[in-house]
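J.: Have a look at this one before I ask anything.
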Amino acid sequence: MELNIDIHLLFALMNGKVSLAINKRLQENFTSAGVQITPEMWNVLICLYEEEYVAQSELCDTVFLDKVSLTRLLEAMEQQRYVYRMHNPRDRRAKFVYLTDKGRLIKEQAQLIAIRTLKEALAGLGMEDISICQEVLRRIFENTKPNKHKSVSVLG
């Protein structure tokens, strides 16, 4: 079976260029609408809209940021009063992240912009294309989770 692969597109996907392009457009759309958040902040806010609070360590895994990067991002979000952090009463080393009222208020506007940006990125694609793409990306994501495969032989 011969594979017909666009190697440039494949490496653009693997190197994150597709997500970088979408994030760049999202940032442009946030800025032009006067919404003072970044795509990284949006990822954190999405997680907090779904839960009352989230452990900071859990948030690292969810938004794919290391501890230092997430801490810096949360500090910036606290300065803007979108979130606040509190120590876990059972473990003073751990913190919970909570959404503030201001963080909740920005949801509607930011969500509309995020949806518009996604529509821009998916322009010209039919629902079948989008469905197939989602399934393929979901499988790739599942296949690349840590410890998914202990060893894989390329020889078969």
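The values are calculated or read from the model by the stated rules, or taken from the named source; none is laboratory data. Computed from a prediction, not measured in an experiment: that's the story for all the values here. When we count neighbours, we look across all protein chains shown, and the Cβ atoms used for this are built from the backbone with ideal geometry, even at glycine. Just the protein is used for accessible areas: all its heavy atoms, side chains included, with ligands, DNA and RNA removed. Shrake-Rupley method; radii C 1.70, N 1.55, O 1.52, S 1.80 Å.
J.: Can you give the accessible area per residue of the stretch 27-156, in Å², using a 1.4 Å probe?
T.: Working: 9480 Å² over 130 residues.
Heavy-atom SASA per residue in the stretch 27-156 reads 73 Å².
J.: Here's something else I'd like to know. With the full set of protein chains in place, find how many percent of the accessible area of the stretch 66-139 is carbon and sulfur; take the probe as 1.4 Å.
T.: Numbers: 3010 of 5520 Å².
C and S atoms contribute 54 percent here.
J.: Quick one: 3J(HN,Hα) in Hz for the stretch 69-74, Karplus 6.51/-1.76/1.60 with θ = phi - 60°, rounded, Gly and Pro as x.
T.: Values, residue by residue: 4, 5, 4, 5, 4, 5 Hz.
J.: Could you give me the ³J(HN,Hα) list for the stretch 56-64, computed from phi with Karplus coefficients 6.51, -1.76, 1.60 and θ = phi - 60°, whole Hz, x at Gly and Pro?
T.: Residue by residue, the stretch 56-64 yields 4, 5, 5, 4, 3, 5, 5, 9, 6 Hz.
J.: If packing is taken as the mean number of other Cβ atoms within 10 Å per residue, what is the order of 126-134, 42-50, highest first? Mind dumping the intermediate values first?
T.: Working: 126-134: 10.3, 42-50: 17.7.
Packing proxy ranking, top to bottom: 42-50, 126-134.
J.: Non-local amide H neighbours of N88 (under 5 Å, H modeled in plane, Pro and chain starts lacking H): which ones?
T.: A94, K95, F96
J.: Here's something else I'd like to know. Binning at 5 angstrom from zero up to the longest distance, how are the C-alpha pair distances of the stretch 19-136 distributed in percent?
T.: Answer for the stretch 19-136: a P(r) of 2, 10, 20, 20, 19, 13, 8, 6, 2, 1, 0 percent.
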